[in-house]
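Quick one: the structure is below, questions incoming.
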Amino acid sequence: MRRLSKFLLAISMCGSSLLAAAQCPSRPSSGTVVQDALSLYSENGTLSADFTMGYSVDTFGYSHYCYKYQSTGGIVEAPTLRLKQGDTLLLNVKDDIKTTGADSMGGMDMSPTGTVCGDSGTATVQSTNVHFHGLNVPPICHQDDVLTTLIQPGSPGFQYKMQIPTSEPPGLYWYHPHVHGFTEFQVNGGAAGALVVEGMEKFRPEVTDLTERVFVLRQQYLVPWVPGPYQLTLNYQVAAAPGAPSPIIDMKPGEKQFWRVANATLQDFMPLQFWVNGVAQPVQLIALDGYPLAAPRMLNTILVPPAGRAEFIVQAPATGASAQFVSMGYSTGPTGNPDLEQVLANVELTGSAAASAAPVKPAEPAKAISADSLKFAGLKDATATTTRKIYFSEEFGGTNGPIQFYVTVDGQKQKVFEANEKPVITTKVGAVEDWIIENRALETHAFHIHQIHFLMEEVDGKPVPNPDLRDTIEIPYWSGSGPYHSVKVRMDFRDPTIAGTFVFHCHILLHEDLGMMHKILVEP
Ligand SMILES: [Cu+2]
């Protein structure tokens, strides 16, 4: 549910003055051929890039936040970062968010005291930082720390420097801002991009030589803090059929393509389908959340929660047929928002391949490398050292706004996240834990934990047929009677490089911003 909190109300009162110079690049028109973002590749083991976070309001009134990159062809938005296992990412981020009136609404007391990483000061709607969603890297300053890292406008900038682990699963990850209280605004405005750890073809040779596409699905509200209609976008092109022409994906008749799709929406649970003549076709699922599947899987529908990723092979029909990429409707429960069916793109059958599509490089060996060399291998057979229960809940009519969103360790008091809170869970490097995550709210939530993937074990107490490794998973709503829905997952804290304090939260970004998040400490 989207409801105004005191904080959001404060911002909405000065929302009309949130105007700025046109700082973000213009986005593609409706009904045009979808282009992939510019890809930046590592060279000699390093990918170095400079991003500037900008802000502007488009001619339709939508707020845009943007990761700007100066390419040889001009300024582009949110390039795809492509690295190999073991490569170093050097990302310099400068904050150039200029909003008139944002200062007058005041900063929010959400920034932690004590350790400061980057710039000091109070977190405001103009502050930013970067989270590397899914990467199994350290939660420390200059790497994937979101708790103490602030980049403030006008400062010289901040450098992220991290090594992609040599055992990092190859696949699709993504980056986005994660300043507590302001994540929704910036991601809503489009500040999100793809990150690919190369090498999928070594683990899933099915994708070898296929044309590869990277599709980032985003969502935008006209005014992000006011409930109302929203638009989905596909690589920044609005998908609002029948109100506007659909984006166009070019394929050759009969061509197989490898689609890597990130759900970078604020809140949309997306049951993705590929239709031919209006009928959902089986697609070959290759990877979820950046982790290659143990075996490919044929599916008519792939449910991708907000922040999840799905990588799959689709086949275009023969000449004369029509094909569409569709997100089906999804019920998020009595207090949730309906996620509506939406055509994301029409497939245009054309003799020439899409110019922007980069070919997947051929695999060196013809057969798949065993996933035993990847992080979290063998987790299924490990012995759990602890079992915990965590639950999502909502409370109406509280003191901090009309609705409160909680994620709680069973047995502890329900409370919203505070920047200076103590971790609600403390564990140690080496621990393997089973977590039962339950939803006691009348609304579906999306569980995400930073720094690690987790192994799916059970849904509603029954073993899952496919124990996939995930970093984000939907927990369906409670209907109001009967048992709560739950998932049981296995958390792997064996890797000493992820020691430190990080967070788990709901990835419906408004819920996260309103405190449906807590800290976990993994002691070295
Ligand atoms: Cu939620």
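The values are calculated or read from the model by the stated rules, or taken from the named source; none is laboratory data. Keep in mind that what you see is a predicted model, and the values were worked out from it rather than measured. Backbone-built Cβ (ideal geometry, glycine too); neighbour counts: all protein chains shown. Areas reflect the complete protein model, heavy atoms only, side chains present, ligands, DNA and RNA absent. Shrake-Rupley method; radii C 1.70, N 1.55, O 1.52, S 1.80 Å.
Which percent of Cα pairs goes in each bin when the distances of the chain are cut into 20 angstrom slices starting at zero?
Distribution as computed: 23, 61, 16, 0 percent.
List the relative contact order of segment 147-222 as a percent without decimals, with contacts defined as Cα pairs under 8 Å and 6+ residues apart.
Computed value for segment 147-222: 29 percent relative contact order.
May I pose another question? Please give the net charge around Pro156, taking every other residue with its beta carbon less than 14 angstrom from that of Pro156, where Lys and Arg add +1 and Asp and Glu add -1.
-3
Another question about this same structure. List, in order, the whole-Hz ³J(HN,Hα) value for each residue of segment 295-301 obtained from phi through the Karplus relation with A = 6.51, B = -1.76, C = 1.60 and θ = phi - 60°; use x for Gly and Pro.
Along segment 295-301, the couplings run 8, x, 9, 8, 9, 8, 9 Hz.
Give me P(r) over segment 215-277, computed from all C-alpha to C-alpha distances, binned every 10 Å, as integer percentages.
Answer for segment 215-277: a P(r) of 17, 48, 27, 6, 1 percent.
Quick check: at a probe of 1.4 Å, how many percent of the accessible area of segment 33-77 sits on carbon and sulfur atoms?
49 percent
What are the chymotrypsin sites (Phe, Trp or Tyr not before Pro) within segment 450-524 that DSSP puts in a loop, where the Cβ has at most 15 other Cβ atoms within 10 Å?
Those that pass, being in a loop and sparsely packed, number zero.
Ignoring any ligand, DNA or RNA, what whole percent of the accessible area of segment 457-508 comes from carbon and sulfur when the probe is 1.4 angstrom?
After summing per-atom areas, the C and S share lands at 56 percent.
Still on this structure, I have one more. Skipping prolines and chain starts, which residues have an amide H placed within reach, meaning under 5 Å, of the one on Ser322, given they are 5 or more residues away or on another chain?
Asn277
Could you derive backbone 3J(HN,Hα) for segment 186-193 from the dihedral phi with the Karplus parameters 6.51, -1.76 and 1.60 (θ = phi - 60°), listing whole Hz in sequence and x where the residue is Gly or Pro?
Ordered by residue, 3J(HN,Hα) equals 6, 5, 4, x, x, 7, 6, x Hz.
Using a 1.4 Å probe on the protein heavy atoms, what percent of the accessible area of segment 369-448 belongs to carbon and sulfur?
C and S atoms contribute 48 percent here.
Net charge near Thr426: determine it from the other residues with C-beta under 15 Å of the C-beta of Thr426, scoring Lys and Arg +1 and Asp and Glu -1.
+1
Once amide H atoms are placed 1.01 Å from N in the peptide plane, what residues at a sequence separation of 5 or more from Lys428, or on another chain, have their amide H within under 5 Å of its amide H?
Counting only residues 5 or more places away or on other chains, the set is Glu523.
Looking at the square roots a ≥ b ≥ c of the eigenvalues of the Cα gyration tensor of segment 123-238, which shape do they give, rounded for a/c under 1.5, prolate if a/b is larger than b/c, or oblate?
oblate
Oh, and also: Taking the radius of gyration and the Kirkwood hydrodynamic radius from Cα positions alone, what is the Rg/Rh ratio for segment 219-344, to two decimal places?
Taking Rg over the Kirkwood Rh, I get 0.97.
Still on this structure: Count the net charge of all other residues whose Cβ sits under 9 Å from the Cβ of Arg213, scoring Lys and Arg as +1 and Asp and Glu as -1.
It works out to a net charge of -1.
Quickly estimate the mean residue ellipticity at 222 nm for the chain, helices only: each DSSP H run with n ≥ 4 gives -39500 (n - 2.57), and the total goes over all residues, rounded to 500.
For the chain, the value works out to -1000 deg cm²/dmol.
Something else: Cα gyration tensor of segment 28-105, axes a ≥ b ≥ c as square roots of the eigenvalues: rounded (a/c below 1.5), prolate (a/b > b/c) or oblate?
Oblate is the answer for segment 28-105, as a/c is 1.5 or above yet b/c matches or exceeds a/b.
Shifting gears a bit: At most 13 other Cβ atoms within 10 Å plus a DSSP loop assignment makes a site exposed; report the longest stretch of the chain without any exposed trypsin sites (Lys or Arg not before Pro).
Formally, the longest exposed-site-free interval is 1-366.
What number comes out for accessible area per residue over the chain if the probe is 1.4 Å? Units Å², please.
36 Å²
Once you order the gyration tensor axes a ≥ b ≥ c over the Cα atoms, which shape class does segment 378-524 get: rounded for a/c under 1.5, otherwise prolate or oblate by comparing a/b with b/c?
Oblate shape, in that a/c is at least 1.5 and b/c is the bigger or equal ratio.
Using each residue's phi in segment 444-455, evaluate 6.51 cos²θ - 1.76 cosθ + 1.60 at θ = phi - 60° and report the 3J(HN,Hα) Karplus result to the nearest Hz, with x for Gly and Pro.
Going residue by residue, I get 5, 10, 10, 7, 9, 10, 6, 6, 9, 8, 10, 9 Hz, with x marking Gly and Pro.
Another one. List every residue whose amide H lies under 5 Å from the amide H of His518, counting only residues 5 or more places away in sequence or on a different chain, with H placed 1.01 Å from N in the peptide plane.
Those qualifying (amide H under 5 Å, at least 5 residues apart or on another chain) are Phe504.
Given contacts defined as C-alpha pairs under 8 Å and at least six residues apart, what's the relative contact order of the chain, whole-number percent?
Over the chain, the number comes to 14 percent.
So how strong a dipole does the chain carry about its Cα centre when Lys and Arg Cβ are +1 and Asp and Glu Cβ are -1, to the nearest 20 debye?
140 debye
Considering only Cα-Cα distances, which of the following residue pairs are longer than 18 Å: Lys161/Lys519; Lys389/Lys488; Lys415/Lys462; Lys462/Lys488?
Lys161/Lys519; Lys415/Lys462
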